[in-house]
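Everything on this sheet refers to the single structure shown next.
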Amino acid sequence: MAALTTIEIPSLQKIASGKVRDLFSLPDPSTLLFVASDRVSAYDVVLASGIPNKGAILTLASAHWFRVLSERIPGLRTHFLSLDVPDTVADAGVKEQLRNRTMLVKKLEVVKVEAIVRGYLTGSAWKEYQAKGTVHGLAMPEGLRLSEKFPEAIYTPSTKAPAGEKDENIHPDDAWKEIGDRETAEKVKQLSLQIYNTAAAYALERGIIIADTKFEFAKDAEGNLYLADEVLTPDSSRFWAKDTYEVGKDADSFDKQFIRNWLVREGLKGKEGVEIPKEIADKTEEKYKEVFHRLTGKTFDEAAAEKSS
(Lines give C-alpha, C1' and ligand atoms only; values in the text may rest on other atoms or scores of the structure.)
Protein backbone atom coordinates (compact mmCIF):
# COMPACT_ATOMS: atom_id res chain seq x y z
CA MET A 1 0.00 0.00 0.00
CA ALA A 2 1.35 3.43 -0.93
CA ALA A 3 1.82 6.05 1.77
CA LEU A 4 -0.97 8.64 1.98
CA THR A 5 0.71 12.02 2.37
CA THR A 6 -2.03 14.34 1.05
CA ILE A 7 -5.56 14.28 2.42
CA GLU A 8 -8.53 16.14 0.97
CA ILE A 9 -12.17 15.78 2.02
CA PRO A 10 -14.32 17.66 -0.54
CA SER A 11 -17.33 17.83 1.78
CA LEU A 12 -15.38 19.36 4.69
CA GLN A 13 -13.29 22.50 5.13
CA LYS A 14 -9.64 21.95 6.03
CA ILE A 15 -8.76 24.47 8.73
CA ALA A 16 -5.18 23.45 9.51
CA SER A 17 -2.45 21.18 8.20
CA GLY A 18 0.33 20.07 10.53
CA LYS A 19 3.42 17.94 10.11
CA VAL A 20 1.33 14.76 10.22
CA ARG A 21 -2.32 15.65 10.90
CA ASP A 22 -4.91 17.69 9.04
CA LEU A 23 -7.82 19.30 10.88
CA PHE A 24 -11.27 19.70 9.37
CA SER A 25 -14.30 21.62 10.59
CA LEU A 26 -17.61 19.83 11.12
CA PRO A 27 -21.26 20.97 11.15
CA ASP A 28 -21.23 20.63 14.95
CA PRO A 29 -19.13 23.64 16.04
CA SER A 30 -18.11 21.91 19.28
CA THR A 31 -16.18 19.21 17.44
CA LEU A 32 -13.30 18.82 14.99
CA LEU A 33 -12.04 16.01 12.79
CA PHE A 34 -8.39 15.01 13.16
CA VAL A 35 -7.04 12.99 10.21
CA ALA A 36 -3.61 11.37 10.43
CA SER A 37 -1.63 11.16 7.20
CA ASP A 38 1.41 8.98 6.53
CA ARG A 39 3.70 12.02 6.45
CA VAL A 40 6.94 11.85 8.42
CA SER A 41 8.68 14.73 10.15
CA ALA A 42 12.18 14.53 11.58
CA TYR A 43 14.31 17.34 12.96
CA ASP A 44 11.38 19.71 12.29
CA VAL A 45 11.32 18.93 8.55
CA VAL A 46 8.53 17.03 6.77
CA LEU A 47 10.12 14.45 4.48
CA ALA A 48 9.07 14.15 0.85
CA SER A 49 7.75 10.61 1.22
CA GLY A 50 5.85 8.82 3.97
CA ILE A 51 5.46 5.51 5.76
CA PRO A 52 2.55 3.29 4.60
CA ASN A 53 -0.17 2.77 7.26
CA LYS A 54 1.57 5.14 9.68
CA GLY A 55 -1.44 7.42 10.13
CA ALA A 56 -3.73 4.51 10.94
CA ILE A 57 -1.22 3.04 13.40
CA LEU A 58 -0.92 6.38 15.22
CA THR A 59 -4.70 6.85 15.32
CA LEU A 60 -5.51 3.37 16.65
CA ALA A 61 -2.64 3.54 19.15
CA SER A 62 -3.85 6.92 20.45
CA ALA A 63 -7.40 5.62 20.84
CA HIS A 64 -6.05 2.66 22.82
CA TRP A 65 -4.09 4.93 25.15
CA PHE A 66 -6.97 7.36 25.66
CA ARG A 67 -9.03 4.41 26.90
CA VAL A 68 -6.28 2.89 29.07
CA LEU A 69 -5.33 6.18 30.69
CA SER A 70 -8.95 7.18 31.34
CA GLU A 71 -9.45 3.86 33.14
CA ARG A 72 -6.32 4.28 35.28
CA ILE A 73 -6.35 8.01 36.08
CA PRO A 74 -9.57 9.09 37.80
CA GLY A 75 -10.92 12.35 36.46
CA LEU A 76 -8.65 12.47 33.41
CA ARG A 77 -10.26 14.44 30.59
CA THR A 78 -9.36 13.76 26.95
CA HIS A 79 -10.43 15.43 23.72
CA PHE A 80 -11.19 12.04 22.12
CA LEU A 81 -14.80 11.24 21.16
CA SER A 82 -14.73 8.46 18.56
CA LEU A 83 -12.95 6.90 15.58
CA ASP A 84 -16.02 7.16 13.36
CA VAL A 85 -15.82 8.80 9.92
CA PRO A 86 -18.52 11.51 9.98
CA ASP A 87 -21.72 10.92 8.02
CA THR A 88 -21.02 14.17 6.16
CA VAL A 89 -18.32 12.25 4.26
CA ALA A 90 -20.51 10.54 1.68
CA ASP A 91 -18.00 9.59 -1.01
CA ALA A 92 -17.16 5.88 -0.69
CA GLY A 93 -13.64 6.34 -2.02
CA VAL A 94 -12.86 9.10 0.47
CA LYS A 95 -14.34 7.04 3.31
CA GLU A 96 -12.08 4.12 2.44
CA GLN A 97 -9.07 6.44 2.36
CA LEU A 98 -9.96 7.80 5.80
CA ARG A 99 -10.56 4.39 7.38
CA ASN A 100 -8.78 4.11 10.76
CA ARG A 101 -7.23 7.56 10.33
CA THR A 102 -9.92 9.82 11.80
CA MET A 103 -10.55 10.99 15.34
CA LEU A 104 -13.64 12.97 16.20
CA VAL A 105 -12.54 15.29 19.02
CA LYS A 106 -13.80 18.10 21.20
CA LYS A 107 -12.97 21.58 19.92
CA LEU A 108 -10.81 23.17 22.61
CA GLU A 109 -8.17 25.85 23.11
CA VAL A 110 -4.66 24.48 22.65
CA VAL A 111 -2.19 24.94 25.50
CA LYS A 112 0.90 26.39 23.84
CA VAL A 113 3.63 24.12 25.15
CA GLU A 114 5.03 20.71 24.24
CA ALA A 115 4.79 18.78 27.52
CA ILE A 116 7.81 16.46 27.34
CA VAL A 117 8.51 13.91 30.07
CA ARG A 118 11.79 12.00 30.22
CA GLY A 119 12.31 8.81 32.17
CA TYR A 120 15.70 7.91 30.70
CA LEU A 121 18.78 9.86 29.62
CA THR A 122 18.93 9.87 25.83
CA GLY A 123 18.63 12.08 22.75
CA SER A 124 19.11 15.83 23.19
CA ALA A 125 19.01 15.38 26.97
CA TRP A 126 22.11 13.15 26.79
CA LYS A 127 23.95 15.73 24.68
CA GLU A 128 23.16 18.53 27.12
CA TYR A 129 24.10 16.37 30.10
CA GLN A 130 27.47 15.52 28.56
CA ALA A 131 28.20 19.18 27.94
CA LYS A 132 26.79 20.79 31.08
CA GLY A 133 25.61 18.17 33.55
CA THR A 134 22.06 19.47 33.13
CA VAL A 135 18.85 18.56 31.27
CA HIS A 136 16.75 21.53 30.13
CA GLY A 137 18.78 23.55 32.62
CA LEU A 138 17.92 21.22 35.51
CA ALA A 139 20.89 19.98 37.54
CA MET A 140 21.28 16.20 37.30
CA PRO A 141 23.23 13.71 39.45
CA GLU A 142 26.85 13.17 38.44
CA GLY A 143 27.98 10.03 36.66
CA LEU A 144 24.80 9.19 34.75
CA ARG A 145 25.36 7.09 31.65
CA LEU A 146 23.67 6.94 28.26
CA SER A 147 20.19 5.39 28.44
CA GLU A 148 20.24 5.35 32.25
CA LYS A 149 16.96 5.74 34.09
CA PHE A 150 16.56 8.99 35.99
CA PRO A 151 15.91 8.67 39.74
CA GLU A 152 12.43 9.91 38.86
CA ALA A 153 10.81 11.11 35.65
CA ILE A 154 11.47 14.75 34.81
CA TYR A 155 9.34 17.35 33.05
CA THR A 156 11.25 19.12 30.26
CA PRO A 157 8.89 21.26 28.16
CA SER A 158 9.56 22.99 24.88
CA THR A 159 7.87 25.73 22.92
CA LYS A 160 5.13 24.79 20.49
CA ALA A 161 6.44 26.41 17.32
CA PRO A 162 4.29 27.18 14.26
CA ALA A 163 4.65 24.88 11.24
CA GLY A 164 8.04 25.30 9.60
CA GLU A 165 9.72 26.62 12.74
CA LYS A 166 11.76 24.78 15.36
CA ASP A 167 10.58 23.99 18.89
CA GLU A 168 12.92 25.37 21.55
CA ASN A 169 13.69 23.71 24.90
CA ILE A 170 12.68 25.79 27.90
CA HIS A 171 13.31 25.50 31.63
CA PRO A 172 10.25 24.06 33.41
CA ASP A 173 10.04 27.19 35.56
CA ASP A 174 9.60 29.28 32.42
CA ALA A 175 6.82 27.21 30.84
CA TRP A 176 4.16 29.51 32.29
CA LYS A 177 5.41 32.31 30.02
CA GLU A 178 4.35 30.23 27.00
CA ILE A 179 1.12 29.00 28.57
CA GLY A 180 0.01 32.32 30.02
CA ASP A 181 -0.41 31.60 33.72
CA ARG A 182 1.46 29.78 36.47
CA GLU A 183 -1.50 27.73 37.72
CA THR A 184 -2.19 26.11 34.35
CA ALA A 185 1.53 25.54 33.82
CA GLU A 186 1.80 23.68 37.12
CA LYS A 187 -1.28 21.58 36.31
CA VAL A 188 0.23 20.64 32.93
CA LYS A 189 3.47 19.61 34.62
CA GLN A 190 1.84 17.46 37.30
CA LEU A 191 -0.63 15.83 34.92
CA SER A 192 2.15 15.10 32.41
CA LEU A 193 4.19 13.32 35.07
CA GLN A 194 1.16 11.36 36.28
CA ILE A 195 0.25 10.25 32.77
CA TYR A 196 3.85 9.26 31.98
CA ASN A 197 4.28 7.24 35.16
CA THR A 198 0.96 5.47 34.61
CA ALA A 199 1.76 4.68 30.97
CA ALA A 200 5.35 3.63 31.72
CA ALA A 201 4.18 1.05 34.27
CA TYR A 202 1.58 -0.30 31.82
CA ALA A 203 4.13 -0.54 29.00
CA LEU A 204 6.81 -2.16 31.15
CA GLU A 205 4.43 -5.03 31.92
CA ARG A 206 4.32 -5.58 28.16
CA GLY A 207 8.08 -5.51 27.65
CA ILE A 208 8.34 -1.90 26.48
CA ILE A 209 10.26 0.95 28.12
CA ILE A 210 8.93 4.45 27.43
CA ALA A 211 12.19 6.39 27.48
CA ASP A 212 10.49 9.73 26.89
CA THR A 213 7.33 11.11 25.36
CA LYS A 214 5.53 14.29 24.42
CA PHE A 215 2.02 15.22 25.50
CA GLU A 216 -0.20 18.01 24.29
CA PHE A 217 -3.02 19.58 26.23
CA ALA A 218 -6.01 21.81 25.59
CA LYS A 219 -8.56 23.53 27.81
CA ASP A 220 -12.25 24.35 27.68
CA ALA A 221 -13.99 27.63 28.47
CA GLU A 222 -13.97 26.78 32.19
CA GLY A 223 -10.21 26.19 32.18
CA ASN A 224 -10.40 22.39 32.54
CA LEU A 225 -7.38 20.57 31.08
CA TYR A 226 -7.73 17.84 28.46
CA LEU A 227 -5.16 15.42 27.10
CA ALA A 228 -5.20 16.14 23.37
CA ASP A 229 -3.72 15.37 19.95
CA GLU A 230 -1.94 12.00 19.67
CA VAL A 231 -0.70 10.21 22.75
CA LEU A 232 2.12 7.72 23.34
CA THR A 233 2.65 6.83 19.70
CA PRO A 234 5.93 5.88 17.98
CA ASP A 235 5.93 9.43 16.56
CA SER A 236 5.69 11.14 19.94
CA SER A 237 7.64 8.70 22.11
CA ARG A 238 10.85 6.70 22.37
CA PHE A 239 9.93 3.04 22.86
CA TRP A 240 12.68 0.59 23.81
CA ALA A 241 12.67 -3.18 24.11
CA LYS A 242 12.98 -4.14 27.78
CA ASP A 243 14.67 -7.47 27.04
CA THR A 244 17.61 -5.90 25.17
CA TYR A 245 17.92 -2.68 27.21
CA GLU A 246 21.35 -2.00 28.66
CA VAL A 247 22.67 1.09 30.43
CA GLY A 248 25.55 2.74 28.58
CA LYS A 249 24.36 1.74 25.11
CA ASP A 250 21.91 3.03 22.53
CA ALA A 251 18.72 1.01 23.00
CA ASP A 252 16.78 -0.95 20.39
CA SER A 253 13.89 1.33 19.52
CA PHE A 254 10.45 1.03 17.94
CA ASP A 255 9.93 4.61 16.92
CA LYS A 256 10.93 7.50 14.68
CA GLN A 257 14.50 7.36 15.96
CA PHE A 258 15.19 4.73 13.28
CA ILE A 259 14.54 7.36 10.58
CA ARG A 260 16.49 10.03 12.47
CA ASN A 261 19.49 7.69 12.63
CA TRP A 262 19.27 7.05 8.88
CA LEU A 263 19.11 10.79 8.13
CA VAL A 264 22.20 11.43 10.26
CA ARG A 265 24.14 8.55 8.67
CA GLU A 266 23.34 9.83 5.18
CA GLY A 267 24.11 13.47 6.00
CA LEU A 268 20.48 14.45 5.40
CA LYS A 269 19.54 15.79 8.84
CA GLY A 270 17.34 18.88 8.52
CA LYS A 271 17.35 18.87 4.71
CA GLU A 272 14.23 19.49 2.63
CA GLY A 273 12.86 17.18 -0.06
CA VAL A 274 14.29 13.93 1.31
CA GLU A 275 12.79 10.72 -0.09
CA ILE A 276 12.83 7.71 2.25
CA PRO A 277 14.20 4.56 0.56
CA LYS A 278 11.74 1.66 0.43
CA GLU A 279 13.82 -0.52 2.75
CA ILE A 280 13.89 2.23 5.40
CA ALA A 281 10.15 2.88 5.02
CA ASP A 282 9.35 -0.84 5.25
CA LYS A 283 11.52 -1.31 8.35
CA THR A 284 9.95 1.72 10.02
CA GLU A 285 6.43 0.42 9.32
CA GLU A 286 7.47 -2.95 10.75
CA LYS A 287 8.79 -1.31 13.95
CA TYR A 288 5.62 0.76 14.38
CA LYS A 289 3.46 -2.33 13.95
CA GLU A 290 5.54 -4.40 16.35
CA VAL A 291 5.32 -1.92 19.22
CA PHE A 292 1.59 -1.49 18.51
CA HIS A 293 1.19 -5.24 18.93
CA ARG A 294 3.21 -5.37 22.14
CA LEU A 295 1.36 -2.49 23.75
CA THR A 296 -2.20 -3.30 22.68
CA GLY A 297 -2.09 -7.11 22.49
CA LYS A 298 -3.46 -6.97 18.94
CA THR A 299 -1.74 -6.90 15.60
CA PHE A 300 -2.33 -3.79 13.56
CA ASP A 301 -4.30 -5.82 11.00
CA GLU A 302 -6.52 -7.26 13.75
CA ALA A 303 -7.18 -3.83 15.25
CA ALA A 304 -7.86 -2.28 11.84
CA ALA A 305 -10.26 -5.05 10.88
CA GLU A 306 -12.04 -4.83 14.24
CA LYS A 307 -12.59 -1.10 13.90
CA SER A 308 -13.83 -1.49 10.32
CA SER A 309 -16.31 -4.29 11.05
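The values are calculated or read from the model by the stated rules, or taken from the named source; none is laboratory data. Being a predicted model, the structure only gives us computed values, none of them experimental. As a convention, Cβ positions derive from the backbone with ideal geometry for all residues, glycine included, and neighbour counts pool all protein chains shown. The protein model used for the area step is the full one, side chains on, heavy atoms only, and it has no ligands, DNA or RNA in it. Shrake-Rupley method; radii C 1.70, N 1.55, O 1.52, S 1.80 Å.
A few points about this structure:
- Test result for Thr31, over 16 Å from Ala304 (Cβ atoms), among the polar types (S, T, N, Q) and open to solvent by 30 Å² or more (accessible area, probe 1.4 Å): no
- Count of residues meeting criterion [in contact (Cβ under 8 Å) with a residue 24 or more places away in the chain and over 22 Å from the mean Cα position of the chain (by Cα)] in the range 9-35: 8
Per-residue answers, yes or no, for (1) closer than 30 Å to Lys269 by Cα; (2) in contact with a His (Cβ under 9 Å, 6 or more places away or on another chain); (3) not acidic (Asp, Glu):
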residue	(1), (2), (3)
Asp22	yes, no, no
Asp28	no, no, no
Ala42	yes, no, yes
Leu69	no, no, yes
Gly75	no, no, yes
Arg99	no, no, yes
Val110	yes, no, yes
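- Taking the criterion of being in a helix (DSSP H, G or I), touching a residue at least 24 places away in the same chain (Cβ under 8 Å) and open to solvent by 30 Å² or more (accessible area, probe 1.4 Å), the residues of the range 180-190 that qualify are Lys187, Lys189.
- Per-region count, the range 220-255, residues open to solvent by 10 Å² or more (accessible area, probe 1.4 Å), part of a loop (DSSP other than H, G, I, E, B), over 17 Å from Tyr43 (Cα atoms) and not small (Gly, Ala, Ser): 12
- Hey, Lys160 over 21 Å from Asn261 (Cβ atoms), touching a helix residue (DSSP H, G or I) at 6+ places or on another chain (Cβ under 9 Å) and of a type in the set (Lys, Arg) or not: yes
Residue by residue, here is whether (1) open to solvent by 50 Å² or more (accessible area, probe 1.4 Å); (2) within 30 Å of Arg77 (Cα to Cα) holds:
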{"residue": "Ala115", "(1), (2)": "no, yes"}
{"residue": "Leu121", "(1), (2)": "no, yes"}
{"residue": "Ser124", "(1), (2)": "yes, no"}
{"residue": "Lys127", "(1), (2)": "yes, no"}
{"residue": "Thr134", "(1), (2)": "no, no"}
{"residue": "Gly137", "(1), (2)": "no, no"}
{"residue": "Met140", "(1), (2)": "no, no"}
{"residue": "Ser147", "(1), (2)": "no, no"}
{"residue": "Phe150", "(1), (2)": "no, yes"}
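- The residue of the range 1-28 that is surrounded by the fewest Cβ atoms within 10 Å (Cβ to Cβ), among those that are among the small types (Gly, Ala, Ser) and not in a loop (DSSP other than H, G, I, E, B), is Ala16.
- For the range 94-113, the candidate set comprises residues that are touching a strand residue (DSSP E or B) at 6+ places or on another chain (Cβ under 7 Å) and within 16 Å of Gly223 (Cβ to Cβ); within that set, the residue that is least open to solvent (accessible area, probe 1.4 Å) is Val111.
- In the range 191-214, the residues that are in a loop (DSSP other than H, G, I, E, B) and either touching a helix residue (DSSP H, G or I) at 6+ places or on another chain (Cβ under 9 Å) or on the phi > 0 side of the Ramachandran plot (or both): Arg206, Gly207
- Looking across the range 152-163 at every residue that is of a type outside the set (Ser, Thr, Tyr), surrounded by 13 or more Cβ atoms within 10 Å (Cβ to Cβ) and part of a loop (DSSP other than H, G, I, E, B), the one that is modelled with the lowest pLDDT is identified as Ala161.
- Test for Arg145: is it under 24 Å from Glu230 (Cβ atoms) and either in a strand (DSSP E or B) or more than 17 Å from the chain's Cα centre (by Cα) (or both): no
- Residues in the range 35-68 that are open to solvent by less than 20 Å² (accessible area, probe 1.4 Å), touching a strand residue (DSSP E or B) at 6+ places or on another chain (Cβ under 6 Å) and of a type outside the set (A, V, I, L, M): Gly55, Thr59, Phe66.
- Which listed residue is modelled with pLDDT under 95, under 23 Å from Pro52 (Cβ atoms), open to solvent by 70 Å² or more (accessible area, probe 1.4 Å) and not aromatic (Phe, Trp, Tyr), from Lys166, Lys271, Lys177: Lys271
- Test: residue in the range 129-140 that is touching a Gly at 6+ places or on another chain (Cβ under 8 Å), of a type in the set (A, V, I, L, M, F, W, C) and in a loop (DSSP other than H, G, I, E, B): yes
- From the list Phe258, Phe217, the one residue that fits, being at pLDDT 95 or above and either touching a Lys or Arg at 6+ places or on another chain (Cβ under 9 Å) or assigned to a helix (DSSP H, G or I) (or both), is Phe217.
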